[in-house]
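Read through the structure below, which is laid out as structure tokens, and then see the notes.
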Amino acid sequence: MQRHLITSAIPYINGIKHLGNLVGSQLPADLYARFQRARGNEVLFLCATDEHGTPAELAAAKAGQPVAEYCAEMHAVQSELARGFRLSFDHFGRSSSPQNHALTQHFAGRLADAGLIREVSERQVYSNADGRFLPDRYIEGTCPNCGYDRARGDQCENCTKQLDPTDLIDARSAISGSTDLEVRETKHLYLRQSELKDDLDAWIDSKADWPILTTSIAKKWLHDGDGLQDRGITRDLDWGIPVRRGDAEWPGMEGKVFYVWFDAPIEYIACAGEWADAQGGADWERWWRTDKGADDVRYTQFMGKDNVPFHTLSFPATLLGSGEPWKMVDHLKSFNYLNYDGGQFSTSQGRGVFMNQALNILPADYWRWWLLSNCPETSDSEFTWELFQQGVNKDLADVLGNFVSRVTKFCRSKFGEVVPDGGVFGPLEQDLIAELDKRLAAYTTHMENMEVRKSAQELRAIWVAGNEYLQAAAPWATIKEDEAQAAMQIRLGLNLIGLYAALSAPFLPDTADTLAATMGVEVSKWPESIAKALNALAPGHTFQVPDNLFAKIDDAARATWEAQFSGAA
RNA sequence: GGCGCGGUAGCUCAGCUGGUUAGAGCGCUCGACUCAUAAUCGAGAGGUCGGGAGUUCAAGUCUCCCCCACGCCA
């Protein structure tokens, strides 16, 4: 039995995620986790909300809530949506958890002991009205270069000139609008990533099987320009993990917190601690410490391409720099972007479909199937309502749903709702078994390799094989000549439904449950041989004809949704 | 402006280290079947692989230049 640690990039707490976010990490991670569990392997599948940072504070302020309360509420919302999409996390944690506080402070202490942290004195803008330091992009003013009056402290959007906050004319807080700003001296901690450059380089070189997208992004950050830069890991904020050196105070760092990028990936580990505590004290270190049982764990991370630098460089730098035997990622699966109808999904403009809206319209399996079978794996891909409608109607309703319908209804009308007896396999059946064995092997390999689109294609071909068989066997004709032979054909058809439940479960968990319940069985584990799987339902076993599994999307509904989600309003 | 990823049938996309008549699904046309959600199954039409030059016995696949789209950065 293999052991698989699987993590999905952790979504930011601020707001509800759109389908592009979903398909870029959580959904394929869930597909892989479900597949590995079905194979009988031990899986720990973790995700969490990323809760610290200025955007969370501002969103809370806008909602008129204390930030801790806001985060707790939004975590509950995201948690519920994850359940809605059947994301099978073993634990959905929070980067604000006590476990992450302790672990983040622990790592900072270790890094400091290793000489990998330096203090830097900086001059930053402080807003007296807001009572806080302002990140560069939250300072607005008039651009000294082009006169644009809404230039940000880091850059002017109008003329693209890079700016320093002090360059701005009539600078004001983007939060309150106050112009009562002053520059103050403040001290921050920097992680000396540059010291770890060679270690990281060698580590990435050892990952020959990583996708090109992943390694090229990592190499670019390592080698471009002046190479890997040291990064600030602290901020002058209230909301976050207080800066401490392990268990001890950190002189000069009072009132400061760690920067969100530093503590967020550590939550992958802390989340295992949260999971263990929720289990009443399970052993989480056997998943994360190679000196405590994690040496046989295979760790796979799923994320969008924008997250690659953090996962290939920043987080590994933290782990390597600690000098402790932490489990490092083995395989890193990154995704491109899903576009919406010719443009980008946009949270700020409400353009595209968001997770809550999607579930209000259609069941999770419709979305899971389409998103996964069209996921942006090798390049950006495109969501349009027409493509969505075609994919759902053809693949789910016509190919899979209709197969189940024709087999069960034919059986009911000729033999009743019971698996019929009689007949023996002939050449047609042997051919089908041979084809399915080949396809099962291909499907399994693709799933092992996390080739999502190819997996979906193969699964679909397995569904199609059922329709091809029925067309060739034609039980509706056979039954006029040889009832026993027709019984065998339809018994095979019923067993195919059981097989489809098992093979479809990673993509379509609810449908798999429905199919299994229809056949009066449990969803079985991953089949080893087709021949065996096709004898699972014995003659005499009763079943029930299900309602149509999938309703088709008609043109009217499509037009309605197209208008509803255009973001024009 | 720099960098990155792409530009392959009407559409969405596969095509590994260069090697037989360039593939899939959808859409379209024709045919078969009638058990089924007017579903299914089969056959067919459709591409000078963005443009140009080069390397090679051989290039969608390597090199160079250009054009286009998208993304990131400054």
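Counting only strands (runs of 3 or more DSSP E) wholly contained in the stretch A:247-349, the ones carrying 3 or more residues that are out of contact with any Ser or Thr (no Cβ under 6 Å at 6 or more places or on another chain) and at pLDDT 90 or above occupy A:297-304. Identify, please: which residue in the stretch A:470-485 is surrounded by 13 or more Cβ atoms within 10 Å (Cβ to Cβ) and charged (D, E, K, R) and is, among those, nearest to the chain's Cα centre (by Cα)? Among those residues, the one meeting the criterion is A:GLU483. Within the stretch A:489-510, the set of residues being within 11 Å of A:VAL419 (Cβ to Cβ) and open to solvent by 10 Å² or more (accessible area, probe 1.4 Å) comprises A:ARG491, A:GLY498.
Checked against the criterion of being open to solvent by 30 Å² or more (accessible area, probe 1.4 Å) and more than 18 Å from the chain's Cα centre (by Cα), the stretch A:366-381 has no qualifying residue.
Of the residues contained in the stretch A:436-451, one or more are found to be under 30 Å from A:ALA33 (Cα atoms) and of a type in the set (Lys, Arg). Residue count for the stretch A:71-107 satisfying the condition of being free of Cβ contacts under 8 Å to residues at least 40 places away in the same chain and over 26 Å from A:SER314 (Cβ atoms): 6.
Kindly establish whether A:THR49 is among the hydroxyl-bearing types (Ser, Thr, Tyr), within 18 Å of A:VAL329 (Cα to Cα) and not in a loop (DSSP other than H, G, I, E, B). Judged against the criteria, A:THR49 is not a match. Among the residues making up the stretch A:327-365, those that are more than 12 Å from RNA strand B (Cβ to nearest atom), small (Gly, Ala, Ser) and either under 25 Å from A:LEU396 (Cα atoms) or surrounded by 22 or more Cβ atoms within 10 Å (Cβ to Cβ) (or both) are A:GLY352, A:ALA358, A:ALA364. Can you find a residue in the stretch A:371-384 that is in contact with a Lys or Arg (Cβ under 8 Å, 6 or more places away or on another chain) and among the acidic types (Asp, Glu)? The answer is yes; a qualifying residue exists. Looking across the stretch A:381-422, the residues that are near RNA strand B (Cβ under 6 Å from one of its atoms) and outside any helix (DSSP H, G or I) come down to A:SER381, A:GLU382.
Close contacts from the stretch A:455-480, counting a first residue that is within 12 Å of A:VAL407 (Cβ to Cβ) and within 8 Å of RNA strand B (Cβ to nearest atom) and a second that is open to solvent by less than 60 Å² (accessible area, probe 1.4 Å) and among the polar types (S, T, N, Q), with Cβ to Cβ under 6 Å and a gap of 6+ residues or different chains, come to A:PRO475/A:GLN489. When the stretch A:26-49 is limited to residues that are open to solvent by 10 Å² or more (accessible area, probe 1.4 Å) and either small (Gly, Ala, Ser) or outside the structural domain of A:LEU81 (by TED's automatic domain parsing) (or both), the one that is nearest to A:LYS327 (Cα to Cα) turns out to be A:GLY40. Whether any residue in the stretch A:69-85 is within 22 Å of A:ASP277 (Cα to Cα), open to solvent by 20 Å² or more (accessible area, probe 1.4 Å) and in a strand (DSSP E or B) is what I want to check. No, that holds for no residue.
The values are calculated or read from the model by the stated rules, or taken from the named source; none is laboratory data. What you see is a predicted model, and the numbers here were worked out from it, not measured in a lab. Cβ atoms come from the backbone with ideal geometry, glycine included; neighbour counts cover every protein chain shown. Side chains included, ligands, DNA and RNA excluded: accessible areas come from the protein's heavy atoms. Shrake-Rupley method; radii C 1.70, N 1.55, O 1.52, S 1.80 Å.
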